[in-house]
1. Please report ARG35, ARG5, ARG56 as a ranked list, fewest other C-beta atoms within 10 angstrom at the top and most at the bottom.
2. I need two numbers for region 4-63: Rg to one decimal and Dmax as a whole number, Cα atoms only, in Å.
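Please treat every number below as a calculation from the coordinates, not as lab data. It should be emphasised that the depicted structure is a prediction, and the values quoted were computed from it without experimental measurement. Neighbour counts are summed over all protein chains in view; Cβ atoms, including those assigned to glycine, are modelled from backbone coordinates with ideal geometry.
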Amino acid sequence: MCLVRNVDHMDPTPLYTQLANILRDMIKSGELQPRAPLPSESYLQQEQGVSRGTVRMAGMTNPANGMPTNAAVLQSPIIA
């Protein structure tokens with residue numbers, strides 16, 4: 001899986017917020033299907049060029065319905 005959008009390191013919006021928005025949009029668009037695993041922490045770190053802490057913060061952010069709200073979800077993630 002390759003994320004179409006990447007976080008913008010020059011954007012003043014926090015990276016974890018950008019990443020949470022990308023994941024939320026993928027869920028809303030159906031690119032990530034219900035009961036399908038989310039990308040792993042290590043994959044997101046490498047793909048987005050961010051730290052593990054950033055990935056975990058994205059997992060705790062809930063910008064809209066359908067977004068994981070617990071960092072543990074990103075360790076063994078399944079979309080509800």
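1. Starting with the residue having the fewest Cβ neighbours, the order is ARG35, ARG5, ARG56.
2. Rg, Dmax (Cα atoms, Å): 10.9, 34.
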